[in-house]
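Accompanying notes for the structure given below.
Readers should treat all values here as calculations from the given coordinates under stated rules, not as data from a laboratory. Remember, predicted model here, so these are calculated numbers, not experimental data. Note that each Cβ is placed from the backbone with ideal geometry, even for glycine, and that neighbours are counted across all protein chains shown.
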Amino acid sequence: MSKKCISELQAERSKFKPVLPAILKNGPAGVKLRLGKATESISDNKTVNKLFPNTYGLPMVNLAKGKNQEILKKAVKVGVVLSGGQAPGGHNVIAGLFDGLKKANSKNRLIGFLGGPSGILDNKCKEITNALIAEYRNTGGFDIIQSGRTKIETPEQFEQTKKTLTENKIDALVVIGGDDSNTNAALLAEYFKKESLNTGFIGVPKTIDGDLKNEQIEASFGFDTATKIYSEVVGNICRDVNSARKYWHFVRLMGRSASHITLEVGLKTQPNIVLVGEEILSKKMTLSQVVKQIVNVIVKRADLKKNFGVVLVPEGLIEFIPEMKALISSLNDALADNEAELKNMPGIDEKKNFIYTKLPGNLAALMKSLPGTISSQLMIDRDPHGNVQVSQIETEKLLIAMVKKCLSELKKNGKYTGKFSTITHFFGYEGRCGAPSNFDANYTYALGYNAAVLSLNGLSGYLSSVKKLVKKSALWECGGVPLTMMMNIERRKGKEKPVIKKALVELNGTPFKTLLANRENWAVTESYLYPGPIQYFGPSSITDMTTVTLKYEQSKK
């Protein structure tokens, strides 16, 4: 990155000094590891234990004050890799990791593998130096070494990983990623233990989706910044809609497997409708019922002469609707089983009519009820494995088309006299590389520094954990969580595989209950909040505040 390309804000942000938790203030040599009891996986204990015989049951680790001079004596070489989608704060993880290693021994070295896990397989790497990291502190993006989505899962890939790390004399590898990436870290830790190799593997919890969390991992990094970015824009839309008073804005937000982003943005901006996939799944709602729920609010507002509003839609909504999930699954099978016949059919309508005969009657009827563009998309847009690319489906447009149809019927019967003009939005990539908020800048730096401590102490198969996040960063607690502790067994691509379990929105949790308590009021009134842009400078009550979700979750602790 050329210094000539640095913006005024970035130049100013480079001066920001993250505040370390007090336990880390004296450096890696000023803390000792306090080991807890042996742990178990969250479910499927016997199966997970069998798959991880060398790393299952590791104890929880907490950092405590104490002298640890041994780690100062030997210079080590640590590798780092960014894996999966970008999240604000990744550069600060690497900065914290770099500073922690250098604090312990100036001869310690940090090696970045380029382009994600493929950089390990291709042995492409570069050394992280003080001059290099100085250009990236407190900045968004993953461009210092780039990221990638390659999975290391075949025997050949494990062998190549062993070859690369051994040839480069890597003592530990820090994997910065989400649930899939850290599952990969757990598998590598197990493999290297089985091979009697001393390279350690430490994970760092990253995902703006917010679905990598539990009691020990209170938040994944990047969620705070991303939801503040989305909330600024949604807040602007709320203000615009309240000014023009003539459009319904349907906003789809990133988060395929969980609705954390939608819930957080909803709590921050208080729009008229906030759809939460987990609630829809729990109630086993049909697509028609979801549409009617939206229509009811639109009609109520129309009766008040308010033909405008804002609707938040989670990206993965369709997969939370049981009948739609069944349709997609059945459609995947039907398309795979009849691939040859479909290739010889010239038009999409002919293909659809053929597929209808291959689906169960109720699912065929459901597919026929969808707007033509959506049913065609289900047929055409497939991933390399032949499956529907659910994340590409413009769910907000599907809902609008079905809402319009329903309102048209009501208008014919004199039950609706309003106007329904719409504008659609999808906010996803806009939030992934934003300059981290003060919270994320502090949190990611602490995660990286803590990962350095875990690595220097020879641990492997752990996730860097920083807790008590609603307190000032100086009071945060640090330690390590065994990766196998978060495992369960899930069916992926027809096979039973160990994976870190995704955290869904808790319907009994305070954040969702707060939404529930305000839903009827927000539906008919203009209770909109306008969070504005991320505040990097000013009173700590504004600059250092974390997510509404975390505040509610930790309110009773």
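Taken one residue at a time, the phi angles of region 74-80 give Karplus couplings (6.51, -1.76, 1.60, θ = phi - 60°) of 10, 7, 10, 10, 10, x, 9 Hz. Gly and Pro are set to x. A Stokes-Einstein calculation at 37 °C with viscosity 0.692 mPa s, built on the Kirkwood radius of region 428-488 over Cα pairs, returns a diffusion coefficient of 252 µm²/s. Only DSSP H runs of four or more residues enter the estimate; each adds -39500 (n - 2.57), and after division by the residues of the chain the mean residue ellipticity at 222 nm equals -13000 deg cm²/dmol. By the beta-carbon count within 10 Å of each Cβ, the least crowded to most crowded order of C238, C125, fewest first, is C125, C238. Multiplying the residue separation of R491 and A365 by 0.36 nm and subtracting their alpha-carbon distance yields 42.6 nm. Rounded to the nearest 0.05, what FRET efficiency is calculated for E159 and A326 with R0 set to 41 Å and r the Cβ-Cβ distance? The computed FRET efficiency comes out at 0.55. The aspartates and glutamates within cross-link reach of K351, meaning a Cα-to-Cα straight distance under 12 Å and a gap of 8 or more places when in the same chain, are E339, E341. Extension gain for the segment K15 to D337, taken as residue separation times 0.36 nm less the Cα-Cα distance, is 110.0 nm to one decimal.
For the residue pairs K284/K415; K107/K468; K292/K352; K228/K513; K17/K65, the alpha carbons lie more than 31 Å apart in K107/K468.
In summary, the chain shows an alpha-carbon radius of gyration equal to 1.03 times the 2.2 N^0.38 Å reference for compact globular proteins.
Restricting the trypsin sites (Lys or Arg not before Pro) of region 38-69 to loop positions (DSSP other than H, G, I, E, B) with no more than 15 neighbouring Cβ atoms within 10 Å leaves K67. Checking every one of the trypsin sites (Lys or Arg not before Pro) in region 84-121 against DSSP loop status and a limit of 16 other Cβ atoms within 10 Å picks out K107. With both labels modelled 7 Å from their Cα along Cα-to-Cβ, the S555 to A474 distance reads 2.8 nm. Say R0 is 60 Å: what FRET efficiency, to the nearest 0.05, do T373 and K25 get from their beta-carbon distance? Efficiency for this residue pair is about 0.55.
Arranged from fewest to most other beta-carbon atoms within 10 Å of their beta carbon, K368, K306, K228 become K368, K306, K228. Arranged from fewest to most other beta-carbon atoms within 10 Å of their beta carbon, W476, W522 become W522, W476.
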